[in-house]
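Here's the structure we're looking at; comments come further down.
The values are calculated or read from the model by the stated rules, or taken from the named source; none is laboratory data. Since this is a predicted model, take the numbers as computed values, not measurements. Cβ placement follows ideal geometry from the backbone for every residue including glycine, while neighbour counts extend to all protein chains displayed.
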Amino acid sequence: MLRSLKLTALRLLRGGGMFELAAGSRWRRQRLLILCYHGTSLDDEHLWRSALYITPETLRQRLASLKRGGYAVLPLGEALERLRAQTLPARSVVLTFDDGTYDFYGKALPLLQEFGFPATV
């Protein structure tokens, strides 16, 4: 029930242009967004550990959204240096994965390579 309500609210905000407004704001241009992932499902892990695992299809959709939205996906080290120097590009994002196990190698890495995005494991 709560998840359904949350998704409905997010859809309404997106449909009303609030995501784009926030993404293009001066406040957002001065911030670094770090997206943290635990694992990518090899099978059905996302069904019984949805807080930790994402399906490859959902990860692909999220990476495609970053590409479409013109986000600057940076390596973590570079992003932190540029944050300190106040030279971050607009819409700066870092992708991190906290486990370097086979699910990352077999599922996430090929998608990252397809989109040309760096990630920190």
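A few comments on the model shown:
- The set of residues in region 1-60 being surrounded by 12 or more Cβ atoms within 10 Å (Cβ to Cβ), aliphatic (A, V, I, L, M) and either part of a helix (DSSP H, G or I) or modelled with pLDDT of 70 or more (or both) consists of Leu10, Leu13, Met18, Ala23, Leu32, Leu33, Ile34, Leu35, Leu52, Ile54, Leu59.
- Any chance Leu66 is assigned to a helix (DSSP H, G or I) and modelled with pLDDT of 95 or more: yes
- Number of positions in region 91-121 that are of a type in the set (Gly, Ala, Ser) and either in a strand (DSSP E or B) or exposed (fewer than 14 other Cβ atoms within 10 Å of the Cβ) (or both): 4
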